[in-house]
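Chemist: I'd like to ask you about the structure that follows.
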Amino acid sequence: MTHPWDPASVPAPSTSTGSSIPAGTAAPRGDGSAGDADYSAIGAGYRTYRRPDPRIAEAIEDALGTARTLVNVGAGAGSYEPTDREVTPVEPSATMRAQRPSDLAPAIEAGAEDLPFADGAFDAALASFTVHQWGDLEKGLREMRRVTAGPVVVLSCDPAALDRFWLAEYAPEVIATEASRYPAPARIAEILGGDVEVRELPIPRGCTDGFGEAYFGRPEALLDAGARTANSAWSFVGPEVSERFVRELGADLESGAWDARHGHLREAEAFDGSLRLIIARP
């Protein structure tokens, strides 16, 4: 199943930043959101749908190694923040800061591109599902490297692998939007420099972190408007895309057509999708 769409409606990536906003032109929203997504509009239910998955968290913990102090850049509602380390979270969006649990440190209001810390202030740095939101990818990553003496860990997606997900059949506009926003892991590695490792992370069955591919074996869950809203790419496509998606996926689930093509995914232990962990050591 394929659908034509107007390429002009899909944000064009910047070759220098990996984001749809040109370098140095991030425009903060009413709640302080920087980059291309307005979290005052889409972030309210984030904690409900984007709960950290323990299997992904374990991979991040392993990448952080023995670091005791950590800066979490683009910290959002606190996903994947270790609780056994000294964490300094940074988050520009007031909507996201307000959703942080009381047992986590309050987030500092700042953007990735201008971190208010001294050189080498932290043992490690973390950025999870955030680099594609930044207005200036290169400046943000160089800031992370500047304030970090040890590993910089980035959880992101490989845009070249996004079309492995069955969503490409129903909402190719969403996949194209995501592909235009996510920087290639090789680009992230190039900017950070040092000894860089890129790990492919299989997406586990029943993944509790509701990014799009987390629903690889649970298609019914993506019929929930809240689940789609918690994935920022849907905010860049028109309502007609969501309406068509719900209509056509719903019909295919009712008729059994989805299961005829993808039913094996319901029992799969993991999905080899686009999830990547980039670890840059000095």
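Chemist: Can you tell me the FRET efficiency between R146 and R199 if r is taken as the Cβ-Cβ distance and R0 is 25 Å, rounded to the nearest 0.05?
Modeler: FRET efficiency, R146 to R199: 0.55.
Chemist: If one puts a single equal scatterer on every Cα of region 207-282 and applies the Debye formula without solvent, what log₁₀ I(q)/I(0) results at q = 0.14 Å⁻¹?
Modeler: Scattering profile of region 207-282, log10 relative to I(0): -0.54.
Chemist: Next up: Evaluate E = 1/(1 + (r/R0)^6) for A118 and T48, where r is the Cβ-Cβ distance and R0 equals 35 Å; express this FRET efficiency to the nearest 0.05.
Modeler: E between A118 and T48, to the nearest 0.05, is 0.45.
Chemist: When the chain is fully extended, how far beyond the present Cα-Cα distance does A260 get from E61, taking 0.36 nm per residue of separation?
Modeler: 67.8 nm
Chemist: Now a separate question. How far is it, in nm, from the label point at E243 to the one at A160 when both lie 7 Å from their Cα along the line to the Cβ?
Modeler: Simple spin-label model gives 3.8 nm for this pair.
Chemist: May I have the extent of the alpha carbons of region 155-282 along their three principal axes, as whole Å values ordered from largest to smallest?
Modeler: That works out to 53, 33, 21 Å along the principal axes.
Chemist: Would you order E269, E190, E81 from fewest to most other beta-carbon atoms within 10 Å of each residue's own beta-carbon?
Modeler: Ranking E269, E190, E81 by Cβ neighbours within 10 Å, fewest first, gives E269, E190, E81.
Chemist: Indicate the gyration tensor shape class of region 162-201 (rounded, prolate or oblate), computed on the Cα atoms with a ≥ b ≥ c the square roots of the eigenvalues: a/c under 1.5 is rounded; otherwise a/b larger than b/c is prolate and the rest oblate.
Modeler: It is oblate, given that a/c is not under 1.5 and a/b is not larger than b/c.
Chemist: Starting from the Cα gyration tensor of region 49-92, take the square roots of the eigenvalues, sort them a ≥ b ≥ c, and report rounded, prolate or oblate (rounded when a/c is under 1.5, otherwise prolate if a/b is larger than b/c, else oblate).
Modeler: Taking the square roots of the gyration eigenvalues as a ≥ b ≥ c, region 49-92 is oblate.
Every number in this text was worked out from the coordinates using simple rules, so none of it is lab data. Quick caveat, the model's predicted, so the values are computed rather than measured. As a convention, Cβ positions derive from the backbone with ideal geometry for all residues, glycine included, and neighbour counts pool all protein chains shown.
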